[in-house]
Amino acid sequence: MVEALYMRIKHDIINQIQTGDLKPGDMIATEKNLAERYGVSQITSKHALQLLAAEGYVERLRGKGTFVKAIQPATDVEANVAYKHTNQFRNTIALILPSMKTNIDQRLLDGLERYCREAELNVLISISRESSIEEKKAIERFRESGVQGFIIFPVEQESYSDAILRLTLDRYPMVLIDRYLKEIKAYSVSSDNMGGVHTAISKLLQLGHTQIAYISPEITNTATDERAKGYEHAFIDVGMSIDKSLWCMLSLQEIDAGLSEQKITQFLMEHPEITAIFTVNAYLAEIVKKVLAAAGRKDIVHSTFDDVDYVFSYIRQQEEKICQESVKLLLEQLEGVYEPRREYIEVMYIENK
């Protein structure tokens, strides 16, 4: 399996020093030249040189360059602390999830760990708790430790952290789950979000429901964007106009502050004409269930994305296939292949009897 690119640069230079190709006092290639030679960013080549300096192989002189030191660290592997540090994470990948609140989260964790184990990959796990700051810290911490790759389910936010972008630009082995980077090539695996919502809304329309509420977090990523488009296309396909006043979009701040129930209650009071509701995830489905029960609105048909047994219908994601494909794409990169692409996993429409 290949190693992180900054580690490859570092080890290549150490090898040149130990074989005599680079002698004490020789100048090392610049950050820019190394970046061009290895096809990486200067951040990556800089990190490699910083590690070499920290481990005693080179000396960095401001305004002059980086030079091989006359006295080198011990070459005995057991005595080389830095070598042991970077190699303890060989065949180890990092898994970063936003939460463990739902059954979906738990099934993803279980499946990803299982498929990694079958591939003889060790897994380090971090839960970001929907914090972009914690997500970034976890990525940087694991990368510094020398893990071989990442599987990341990004947090809900308007933009991806620079840590994720840096992994992509450096071609660090990585697979994104559920979301993808617009206009930037990266490996990702997600459900057919648009197709699933399109099917659910089309079924409601066939049953005669025209006043269908759409309840979702604000559109901040590709998943919420695609699900919203699924709703729109279902109406467009039957030649009906879309009434955006029936959309209840919750800001991430409102959700974090626990205001979702209050806002949805107010929304339903303002729209008594609603006969059906579609929620975009299991978390919002649970809140809508409470609101409908409190209001005594048994007449409203409820459909949602993700497995929920108390609604009229739901869209089931195939988490097992998502996990299997994610590990497969990561292994592809670890084996030296880099052909970034997005894989869609089909979803299933289920009506509760």
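The values are calculated or read from the model by the stated rules, or taken from the named source; none is laboratory data. It should be emphasised that the depicted structure is a prediction, and the values quoted were computed from it without experimental measurement. With ideal geometry, Cβ positions are generated from the backbone for all residues, glycine too; neighbour counts draw on all protein chains shown. These area figures cover heavy atoms from the full protein model, side chains too; ligands, DNA and RNA do not enter into them. Shrake-Rupley method; radii C 1.70, N 1.55, O 1.52, S 1.80 Å.
Some observations on this one:
- Scanning the stretch 252-262 for residues that are at pLDDT 95 or above and surrounded by fewer than 18 Cβ atoms within 10 Å (Cβ to Cβ) gives 259, 261, 262.
- When residue 53 is tested against (1) open to solvent by less than 50 Å² (accessible area, probe 1.4 Å); (2) within 24 Å of residue 173 (Cβ to Cβ); (3) out of contact with any helix residue (DSSP H, G or I) (no Cβ under 7 Å at 6 or more places or on another chain), only condition (2) is not met.
- Residues in the stretch 186-225 that are part of a helix (DSSP H, G or I), open to solvent by 20 Å² or more (accessible area, probe 1.4 Å) and within 30 Å of residue 169 (Cβ to Cβ): 194, 225.
- So residue 324, is it under 21 Å from the mean Cα position of the chain (by Cα), surrounded by fewer than 19 Cβ atoms within 10 Å (Cβ to Cβ) and part of a helix (DSSP H, G or I): yes
- Test for residue 293: is it more than 24 Å from the chain's Cα centre (by Cα) and in a helix (DSSP H, G or I): yes
- For residue 125, the conditions (1) surrounded by 17 or more Cβ atoms within 10 Å (Cβ to Cβ); (2) at pLDDT 85 or above all hold with the exception of (1).
- The residue pairs whose first member lies in the stretch 3-30 and is closer than 26 Å to residue 147 by Cα, whose second member is of a type in the set (Asp, Glu) and in a loop (DSSP other than H, G, I, E, B), and whose beta carbons are closer than 7 Å, counting only pairs six or more residues apart or on different chains, are 5/170.
- Residues in the stretch 57-69 that are touching a residue at least 40 places away in the same chain (Cβ under 8 Å) and open to solvent by 20 Å² or more (accessible area, probe 1.4 Å): 67, 69.
- For the stretch 39-56, the set of residues classified as touching a residue at least 24 places away in the same chain (Cβ under 8 Å) and out of contact with any strand residue (DSSP E or B) (no Cβ under 7 Å at 6 or more places or on another chain) consists of 39, 40, 41, 43, 44, 45, 47, 48, 51, 54, 55, listed by residue number.
- Selection status of residue 183, open to solvent by 60 Å² or more (accessible area, probe 1.4 Å) and either out of contact with any helix residue (DSSP H, G or I) (no Cβ under 7 Å at 6 or more places or on another chain) or in contact (Cβ under 8 Å) with a residue 12 or more places away in the chain (or both): yes
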